[in-house]
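Written out below as structure tokens is the structure these notes cover.
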Amino acid sequence: MTRSRQLAFLMGAIFLYALWSLFPAMGWASEASPVKALAEAIGLAYIGAGVAVGFACLASGYAVAKIGSAAIGAVSEKPELMGRTLVFLGLAEGIAIYGLIIAIMILNKL
């Protein structure tokens, strides 16, 4: 295996171990009272909103990086393509806005 695959495997193993150790602890720590169940539900809603924004921004950043580098190469060869490349960059940045909208929708349900 290459070094990058080893690093990816190690990070995945650490992530799975963290999930394995975190979620049972949340169940054991809770009691059967409805107040604590509501607090856990609100906490998970905040986590879900954060995950939605986080992954959307990561995906948007990756897309803008790939499209932006290709756009610079295209514009350096044909300057008249500048308007078209800006449209594609705008579409890639829209991914982050969609994640923000989903997070707002989740938080409005609380």
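The values are calculated or read from the model by the stated rules, or taken from the named source; none is laboratory data. Since the structure is predicted, the reported quantities are computational estimates derived from the model, not experimental observations. Glycine also receives a Cβ, built like all others from the backbone with ideal geometry; neighbour counts cover every protein chain displayed.
Worth pointing out:
- Taking residues in region 39-53 that are charged (D, E, K, R), and partners anywhere that are loosely packed, with under 14 Cβ neighbours inside 10 Å, the pairs with Cβ atoms closer than 9 Å and at least 6 places apart or on different chains are 40/26; 40/30.
- Any hit, region 97-110, residues being more than 27 Å from residue 42 (Cα to Cα) and not polar (S, T, N, Q): no
- Residue in region 36-58 that is at pLDDT 90 or above and more than 23 Å from residue 109 (Cβ to Cβ) present: yes
- Residue 19 at pLDDT below 85, surrounded by fewer than 12 Cβ atoms within 10 Å (Cβ to Cβ) and touching a helix residue (DSSP H, G or I) at 6+ places or on another chain (Cβ under 7 Å): no
- Exactly one residue among 99, 68, 61, 83 is at negative phi, assigned by TED's automatic domain parsing to the domain that holds residue 42 and exposed (fewer than 14 other Cβ atoms within 10 Å of the Cβ), and that residue is 83.
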